[in-house]
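K.L.:
Here it is, the structure, as structure tokens.
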């Protein structure tokens, strides 16, 4: 029998990784400074100094056997408790270590939740476009069908009419991502309250909880005065996926957590399913060194100075040139529409001529759009802008030649 994971991939490579590999090959030919690689969401801002200070202290002061050995599958009690107390301080909750499971990043968290919510062969999860392509892989790997809500490309909130039409008795959960990858938008409290009201009504109609799966690795990366609501305070049946990859620039260290509040329906059964799913997904334990680092850095905030600079430079330039885009309130992506009726894939291919690497968003559920990751050096953004002007004009000429 073919495995769910193989079905999830279907032999397809990630266009994000393909572009990154193309960029690396071009850099070897023309020089890294002449490749404008906006493909990966790989933080260019170094980890806060507290991270390296913690690593040095731990290496010098903790028994190496303990530092590099296994923890329990759930993670170190002390780290889980530190995370719980941080959430309590910030969001007025009453959590303990029993509300937290440490995992190898938010992708693992999504896989675990997908396994846990696979009730039967007809189970479905819903994603709201635009969405990170790994949601499809996580859903299918867990044995679920992924159902996609079409994008609201005016406000990048939720098309509730479309969503309500897709919820049915097989719906187990809805994945939301705020601040959003790739659009950078934040779901407002009004949007989330409307979502909570809808799911409460539908859960009652179908006789089982429909969970919000809240993927929020960008929670701390916000550039406006908008608030990122703590979703469990609005809808009790929420399962949080969190990663320190973006907030602490620890993408390669694979450290994050799954969390629920105490009043989630069937708390004991939910956590039994999550623990069992973690074992099935081979989440033996999160890296112990970085569990200890997180414990010491749990309230450290990210340095967003470079991201703010890059964001503002791109917004000014793209507005002046004439691109249509979603102004990012958070995360570190600029989501823009391919101009003059080109598809995202066509524009991405056109941009490669200048070694400008932007990701076509077909896999995100928006085939006419592209994602630009601005978590890069300031020089990369500054030096790329003349090429985005050329590309806009070339797209205009290409569209005219087809008319």
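The values are calculated or read from the model by the stated rules, or taken from the named source; none is laboratory data. This structure is a prediction, so every number in the text was calculated from the model and none was measured. Cβ sites come from the backbone with ideal geometry, for glycine too, and all protein chains shown count toward neighbours.
K.L.:
Might you check whether a residue that is loosely packed, with under 15 Cβ neighbours inside 10 Å, more than 19 Å from residue 25 (Cα to Cα), outside the structural domain of residue 180 (by TED's automatic domain parsing) and without any contact (Cβ under 8 Å) to a residue 60 or more places away in the chain occurs anywhere in region 380-389?
P.N.:
Checked against the condition, which is being loosely packed, with under 15 Cβ neighbours inside 10 Å, more than 19 Å from residue 25 (Cα to Cα), outside the structural domain of residue 180 (by TED's automatic domain parsing) and without any contact (Cβ under 8 Å) to a residue 60 or more places away in the chain, region 380-389 yields at least one hit.
K.L.:
Identify, from the list 218, 235, the residue that is touching a helix residue (DSSP H, G or I) at 6+ places or on another chain (Cβ under 7 Å) and either in the same structural domain as residue 109 (by TED's automatic domain parsing) or buried (at least 18 other Cβ atoms within 10 Å of the Cβ) (or both).
P.N.:
235
K.L.:
Let me ask something else. Among the residues of region 75-102, which ones are touching a residue at least 40 places away in the same chain (Cβ under 8 Å), in contact with a helix residue (DSSP H, G or I) (Cβ under 7 Å, 6 or more places away or on another chain) and outside any helix (DSSP H, G or I)?
P.N.:
75, 76, 93, 94, 95, 100, 101, 102
K.L.:
Just to check your reading of the model, which residue among 102, 95 is surrounded by 14 or more Cβ atoms within 10 Å (Cβ to Cβ), within 22 Å of the chain's Cα centre (by Cα), modelled with pLDDT of 95 or more and under 29 Å from residue 271 (Cα atoms)? Break it down stepwise before answering.
P.N.:
On the way: 95 fails: within 22 Å of the chain's Cα centre (by Cα).
Result of the check over 102, 95: 102.
K.L.:
Moving on. Can you name the residue in region 10-42 that is modelled with pLDDT of 95 or more and within 18 Å of the chain's Cα centre (by Cα) and is also farthest from residue 141 (Cα to Cα) among such residues?
P.N.:
Per the criteria, the residue is 38.
K.L.:
Just name the residue that is nearest to residue 337 (Cα to Cα) out of those in region 112-135 that are surrounded by fewer than 23 Cβ atoms within 10 Å (Cβ to Cβ) and out of contact with any helix residue (DSSP H, G or I) (no Cβ under 6 Å at 6 or more places or on another chain).
P.N.:
Within region 112-135, the match that is nearest to residue 337 (Cα to Cα) is 129.
K.L.:
Same structure again: Looking at region 201-211, can you tell me whether even one residue there is closer than 17 Å to residue 113 by Cβ, in contact with a helix residue (DSSP H, G or I) (Cβ under 7 Å, 6 or more places away or on another chain) and not in a loop (DSSP other than H, G, I, E, B)?
P.N.:
Within region 201-211, none of the residues are closer than 17 Å to residue 113 by Cβ, in contact with a helix residue (DSSP H, G or I) (Cβ under 7 Å, 6 or more places away or on another chain) and not in a loop (DSSP other than H, G, I, E, B).
K.L.:
List pairs: first in region 182-206 and under 29 Å from residue 372 (Cα atoms), second in a helix (DSSP H, G or I), Cβ under 6 Å, 6+ apart or cross-chain?
P.N.:
182/364
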